[in-house]
1. Which angle from 0 to 90°, rounded to the nearest 10, does the C-alpha axis of helix 457-476 make with the longest principal axis of the chain?
2. In square nanometres, what is the average projected area of the Cα convex hull of segment 14-126?
3. Can you give me the relative contact order of the chain as a percent, contacts being Cα pairs under 8 Å and 6 or more apart?
4. Relative contact order for segment 407-485: what percent, with Cα pairs under 8 Å and sequence separation of 6 or more?
5. Which shape class, rounded, prolate or oblate, goes with segment 81-193 when its Cα gyration tensor gives a ≥ b ≥ c as root eigenvalues, a/c under 1.5 marks rounded, and past that a/b bigger than b/c marks prolate?
6. Report, to the nearest 10°, how far helix 360-386 tilts away from the longest principal axis of the Cα atoms in the chain, using its own Cα long axis and a range of 0 to 90°.
7. Distance in nm between label sites at residue 446 and residue 105, each 7 Å beyond Cα in the beta-carbon direction?
8. Mind checking the full-extension length gain between residue 187 and residue 3? Use 0.36 nm per residue of separation minus the Cα-Cα distance, one decimal, nm.
């Protein structure tokens, strides 16, 4: 068989499908015929409306104009996530996107902060992070501030924006519902998909972006799924959009409730709201009531229930099919990683692209990296649930007492006992992120690296004070988030 890739078929649209189409057409499009098949009759989940800073790099790679993108998607800037009521039910902390303080070769900044606490220099850890201080002050600017940021965006409009981009780079969109998938009788590779209209689309490489349905990777290739609900028991979400009643803040709000948590994502023209919960402890009807009683502004949509199973596909690349987005697995949007996982899957495919046909070594390497990335993010999300001090909720008590992956246990123990965090080069969340969440969730180190104690007391006081003062001065000179949006990317999108 001639397995050389001539045609790429993307099954499904939405954020995953059109991100894949945009990237493949921009970066590889002159070499291949690329088509995307989607049906207007099939809705998309469409609630992945917050990203992390890697999305800005993805846009730069594709040459996407930031202002045009933000105007089209009614986007706002995002400097972090504010976690409310997660530790004991009456607390909050922010996971900011930037670097905290200054580090040295022997240890991260938390060692100097911890030594400062022992010397009665009692300032919150977040005081040493520019992104956190700008977010709390509701301020933002670009280059002169040097802030690490991402976006809140309208997912439906983002898919439309990427569709225009991809079609301008040669992608052909085909309308239709997939009713059958043909495989090769000997190799088992997918050879074609058939639409309800009778049209048959053949290809050599298929990208499954069909969401939870996983029409190619699972229903056709029977790849298998690794269930993680014993670690992440939430299995339901309810989403609703509301009109804005105040200026958008430059951060996502994550508000813990007795059986899960609620998100608030501020766009320029509306607010995205949702409740992630465990159906074992809360019914759909009661969840709807809880959500509607905890929103601001009038609902613009009817509450929509989404059911899911946290986990990952046994393989994201099986035979000549690569799964992206929800078809590859699901991690709840607690740290806004959904769009990142789509993006990283696309770029991993491009780096390992099978120009002359799929090879076992490339497939194995892709799946190895996919598994490692999913598991690292999984551990980070489990941390938020497991490290809690809530005493009046069976859900949170179960999370506190559950067995956790050994990889996460080792990381928690190391931080609690030594104040240290070690990460590998391939991990998404850096040491700063782990420290912020562990401190925020109440894990406090018993000791710290004594290199911090080499500083004399007056040197330590000046070192920590200079960092705080520089951040305070920088933030004080920033415009408000709303003022910057009005000047940089005012949207003409109206609430619907």
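1. Once rounded, one gets 50 degrees.
2. 12.6 nm²
3. Values: 951 pairs, mean separation 116.4, N = 496.
Computed value for the chain: 23 percent relative contact order.
4. After rounding, I find 28 percent.
5. Prolate shape, in that a/c is at least 1.5 and a/b is the bigger ratio.
6. The answer is roughly 40 degrees.
7. Using points 7 Å along Cα→Cβ, the separation is 3.0 nm.
8. The residue 187-residue 3 span can extend by a further 65.1 nm.
Every read-out reported here was derived from the displayed coordinates using simple, explicitly stated rules and does not represent laboratory data. If you're wondering where the values come from, they're calculated on a predicted model, not measured in any experiment. Cβ atoms come from the backbone with ideal geometry, glycine included; neighbour counts cover every protein chain shown.
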